[in-house]
Amino acid sequence: MGPMGSMGEDRDRRPQIDPLAALRTAGDPPWDVFLTGTVFLDIVFTGLDSAPVRGTESWARGMGSSPGGVANMATALARLGLRTSLAAAFGDDHYGEYCWDALEQGEGIDLTPSRTVPGWHSPVTVSMAYEGERTMVSHGHEPPPEEPAPDHPPHARAAVASLTPGRRAPWIAKAASRGTRIFADVGWDDTGAWDLAGLADLEHCEAFLPNADEAMRYTGADCPRAAAHALTRHVPVAVVTLGAEGAYAVDRRTGESAEVPAIAVEALDPTGAGDVFVAGFVTGTLAGWPLADRLAFAGLTAALSVQEFGGSLSAPGWAEIGAWWREVRSVDGQNPTALRRYAFLDGLVPDARSACWPLRRAVPTIGFRNPA
């Protein structure tokens, strides 16, 4: 088991906005979202004018450290008010202790299914952000196969899974059989096959959220929107992210489709933006919002995240979402149509006087702690 935390402190750090408050009943599952994966320590360099040049030394104007990997998604979900449970292996080094503390104590994430692995060092990723892009170098070793053990996932409303071409994850079918709604993304197919049949667990999923390139390669479609429609032959909801163009989604069950443009922001670090997008879409889906609102909210949360250092600790909370909504409405000359697209936030975001939990941000060293 990992370090034990104070449950009282965890509760105090939960966001004050609960997007599922109107839907909760005594018979609900204990968790809103379950996920499993690898936690990395992310070290992010920003403020680079260009990519590092071979044989030279580059100096970055900014640097941040934070939990990464699956921690990006877990933190984004927790900061949006969802009760989140994570199964992951943690190293028994200082990096592992820091990541465990940041997730359990800092974010109120349930780590009961997680384990600290003796003698295993934490995986590390160094990311360099420049010109709106990033370059990453990672190092780590596979943990023992029994660590962690998500074969019996906790009961949850939803789960987020990253599908691996050619390989099933048994916990996905088990979770789906208990009524858990599965949301999936996918990484790059290193085999080059790009065969949807290789994503066998897609049959258990409610929604699939690839990027445009992945969607077109898997379907053979010549445009992302056609790819989204093709994917609905395999999964009820397909969401395709379009980069600077926003995102497009199709719901086979209702026949509904939606497209939302991206929000223009000055990007400091894009690390984890895709995870934040998925977290926003999951939140809106569990809350029962219309498809277009879910898509707009996902894009907004992702846009806000790229303005901060790091992956997990760049995820926005409701206070920041509320601050953005108040700010854009205060600017003269805003497009009324664009403002109406986000009008659903009126009944959700806290007002400026509301006290909200303090969000941890990535700092240059893991030795600093937030003031009490």
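The values are calculated or read from the model by the stated rules, or taken from the named source; none is laboratory data. Here the structure is a predicted model, which is why all the values come from computation and not from measurement. Cβ atoms come from the backbone with ideal geometry, glycine included; neighbour counts cover every protein chain shown. When the accessible area is computed, the model is the full protein with side chains, heavy atoms only, and any ligands, DNA or RNA have been set aside. Shrake-Rupley method; radii C 1.70, N 1.55, O 1.52, S 1.80 Å.
Observations on the structure shown:
- Scanning residues 5 or more positions from R157 or on other chains, those with amide H under 5 Å from its amide H are W31, D32, V33, with H placed 1.01 Å from N in the peptide plane.
- Solvent-accessible ranking of W325, W289, largest area first, probe 1.4 Å: W289, W325
- Cut-off 13 Å between beta-carbons: net charge of the residues surrounding R24, Lys and Arg +1, Asp and Glu -1: -1
- With all protein chains kept in place, the per residue accessible area of the chain amounts to 46 square angstrom at a probe of 1.4 angstrom.
- Summing charges over neighbours of A303, with a neighbour being any other residue whose Cβ is under 12 Å away from its Cβ, gives -3 when K and R count +1 and D and E count -1.
- Relative contact order (%) - the chain, alpha-carbon pairs under 8 angstrom, separation at least six: 18 percent
- Per-residue ellipticity at 222 nm from helix content only, as computed over the chain with -39500 (n - 2.57) for each DSSP H run of at least four residues, stands at -8000 deg cm²/dmol.
- Heavy atoms of H139: accessible area, 1.4 Å probe, square angstrom to 10: 100 Å²
- Accessible-area ranking of H141, H121, largest first, probe 1.4 Å: H141, H121
- Alpha-carbon spread of segment 30-174, three principal axes, descending order, Å: 50, 33, 33
- For segment 131-227, the spread of Cα positions along each principal axis, largest first, Å: 39, 34, 26
- Taking all pairs of distinct alpha-carbon atoms in the chain, Kirkwood radius in angstrom: 21.1 Å
- Karplus-based coupling profile of segment 57-68, in residue order and whole Hz: 10, 10, 10, 9, 7, x, 8, x, 10, 6, x, x, with θ = phi - 60° in 6.51 cos²θ - 1.76 cosθ + 1.60 and x standing for Gly or Pro.
- The smallest convex shape that holds all Cα atoms of segment 274-334, its convex hull, gives 91 Å³ per residue.
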